[in-house]
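**Q** Okay, handing you the structure first.
The values are calculated or read from the model by the stated rules, or taken from the named source; none is laboratory data. What you are looking at is a predicted structure, and each value in this text was computed from that prediction instead of being measured. Here the Cβ is made from the backbone with ideal geometry for all residues, glycine too, and neighbour counts use every protein chain on show. Areas reflect the complete protein model, heavy atoms only, side chains present, ligands, DNA and RNA absent. Shrake-Rupley method; radii C 1.70, N 1.55, O 1.52, S 1.80 Å.
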Amino acid sequence: MKKSIGLFATVFALTALLASCASTKITLSEYSPTAVISIIGTPDVPWYSDDPEEDSDSGFLTNIVNSTFNSQNPELLTAIDRLDYADDSIRHNLPELAGCEVIEKDSVLSSNVYKKIRASYFNTLTPTKNATNYKDLSTIGAKNARLLMRDTGAKSLIIMDFSFYKKRLSKTACIGLVTMKIKVLNDRGTEIINKVYTAETEKQIEIFDGDYDKDVLVTALNGAIDDVLKQFAVEFMNDGASQPEQTAEQTEEMNKYAVQIKMPAKRTETTPPSTEPNETAAPKTE
């Protein structure tokens, strides 16, 4: 009898614990104000392909050709402009749709901690661009994240990674595609959101004799950038319908089924020797 009571109590306690964990919700307003610390993206707008090897094998040569022969290509010239637009967009959409304030860019970038944190390292075969004056802090580390939040007054940090494509619909039309991987770190420097959003441009771009208006395409991409950021803000708005708090592994599993378009060739991160400082001191300079 005692064993039965003990077993029942254990099962009840586990059930209560699981129910408590499942009821934990993420709403961005709970992590307000937030600080955007990194916005990176692909430097060009390649054709979308269903073959992952195609991007991987041709990426390096494509970038050499683009930089050498297509220096006036609007898709290349506006690479940083697209990321700056994303910066403006998130600063508009998070307060309006999710009730989450975004700390001023200058306040973050002028932080002594931000200035001293080392940028992340990526495989040179898949180069990226940064939004104006930002560093690539995709792998900032928990200690540096806490120091930066302490210095800026932020309760969370946001890291964004964009990929841009054009997709052929027919011989006479194409559209633009945007994918955004977005991560949110809480005040402990722990990753609480890691999701991927996708959007297509509303406007179709006409193709004549294999050519298309590149200026029209890059302008249309801005609308898709707005769309992915609105998807993010709405999913985690304070309306009682937010998703349960997920680990990075859980959100990665969810994204396998949620994202329907191929992601760009994987950028391989090379983790340098640990340089994370003691939390009572500022990060080491290079």
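**Q** Considering only the stretch 162-169, I want to know if a residue exists there that is in contact with a Phe, Trp or Tyr (Cβ under 6 Å, 6 or more places away or on another chain), within 20 Å of Q231 (Cβ to Cβ) and basic (K, R).
**A** Checked against the condition, which is being in contact with a Phe, Trp or Tyr (Cβ under 6 Å, 6 or more places away or on another chain), within 20 Å of Q231 (Cβ to Cβ) and basic (K, R), the stretch 162-169 yields at least one hit.
**Q** What number goes with the only condition from (1) within 28 Å of D50 (Cα to Cα); (2) at pLDDT 95 or above; (3) among the β-branched types (V, I, T) that V113 does not pass?
**A** (1)
**Q** Here is a follow-up. Please go through the stretch 186-239 and give me each residue that is of a type in the set (S, T, Y) and closer than 18 Å to R91 by Cβ, ordered by number.
**A** Across the stretch 186-239, the qualifying residue is only Y197.
**Q** Next question, about the same structure. Could you please find all residues in the stretch 225-250 being at pLDDT below 50, open to solvent by less than 60 Å² (accessible area, probe 1.4 Å) and assigned to a loop (DSSP other than H, G, I, E, B)?
**A** If the condition is that a residue be at pLDDT below 50, open to solvent by less than 60 Å² (accessible area, probe 1.4 Å) and assigned to a loop (DSSP other than H, G, I, E, B), then S242, Q246 are the ones that fit.
**Q** Every residue in the stretch 195-211 that is of a type outside the set (F, W, Y) and not in a loop (DSSP other than H, G, I, E, B), please.
**A** Selection gives K195, V196, T198, A199, E200, I205, E206, I207, D211.
**Q** Still on this structure, I have one more. How many of the residues making up the stretch 147-173 are closer than 17 Å to S111 by Cβ, of a type outside the set (A, V, I, L, M, F, W, C) and over 19 Å from the mean Cα position of the chain (by Cα)?
**A** Residues that pass the stated criteria total 4.
**Q** Now a separate question. For N222, only one of the following conditions fails: (1) touching a residue at least 40 places away in the same chain (Cβ under 8 Å); (2) open to solvent by 20 Å² or more (accessible area, probe 1.4 Å); (3) not in a helix (DSSP H, G or I). What is its number?
**A** The failed condition is (3).
**Q** Does G176 count as in contact (Cβ under 8 Å) with a residue 60 or more places away in the chain and surrounded by fewer than 19 Cβ atoms within 10 Å (Cβ to Cβ)?
**A** no
**Q** Which of the following residues is more than 28 Å from A220 (Cα to Cα) and in contact with a Phe, Trp or Tyr (Cβ under 9 Å, 6 or more places away or on another chain): L177, L148?
**A** On inspection, the qualifying residue turns out to be L148.
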